[in-house]
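The values are calculated or read from the model by the stated rules, or taken from the named source; none is laboratory data. Since this is a predicted model, take the numbers as computed values, not measurements. Cβ: placed from backbone, ideal geometry, glycine included. Neighbour counts: every protein chain shown.
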Amino acid sequence: MAVDYSFKVRFGDTDAAGIVFFPNFYRWMDEATHELFTELGHPTSELLSIEKISTPLLDSKCEFKTPLFFEDEVIVKTEVIELHNRVFKLSHTFYRGETLIAAGYTLRAWTSFKEKPKALAIPEHIREKLTVHQKILSGSN
């Protein structure tokens, strides 16, 4: 089940040609991740301030299909596509209405910042909630 994050493209998100500057897609994937954890009932601000847990980025990629422009209404659909002991991968799919704009992923580690940063096993109660948002991928081509 995907979690939706919606926003409107701001003028400052665009380049001189009036097209969204590509690094913004990575920022929006990060924002969508924060929305996912809020939806799970574990806002990332609380995870960090109370539990000293964060989910640093290990890898990311985004493929662009068609441009976005100033004042476009955008929805980013975020789903879990991999769930391992300490690491999870999220897909982020961008839409303007029904039009696919871009698709990407972020790979993150469940990390304690109580002392020196250290990847930890994702707690079972978090794992269960992430599983609810896991995309079922077909193994056949």
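Brief remarks follow.
- Residue 114 basic (Lys, Arg), surrounded by fewer than 14 Cβ atoms within 10 Å (Cβ to Cβ) and either in a strand (DSSP E or B) or touching a residue at least 24 places away in the same chain (Cβ under 8 Å) (or both): yes
- Selection count where residues are surrounded by 15 or more Cβ atoms within 10 Å (Cβ to Cβ), assigned to a strand (DSSP E or B) and not β-branched (Val, Ile, Thr), scope segment 8-24: 0
- Restricted to strands (runs of 3 or more DSSP E) entirely inside segment 25-102, those with at least 3 residues that are at pLDDT 95 or above and closer than 17 Å to residue 3 by Cβ are 73-83, 87-96.
- Those residues of segment 2-53 which are within 27 Å of residue 115 (Cα to Cα), hydroxyl-bearing (Ser, Thr, Tyr) and touching a residue at least 60 places away in the same chain (Cβ under 8 Å), in sequence order: 33
- Residue check for residue 47: within 14 Å of the chain's Cα centre (by Cα) and of a type outside the set (Ser, Thr, Tyr): no
- Look at segment 84-97: where a residue is within 7 Å of residue 74 (Cα to Cα) and a partner is part of a loop (DSSP other than H, G, I, E, B), sitting 6+ places away or on another chain with Cβ atoms under 6 Å, you get 96/72.
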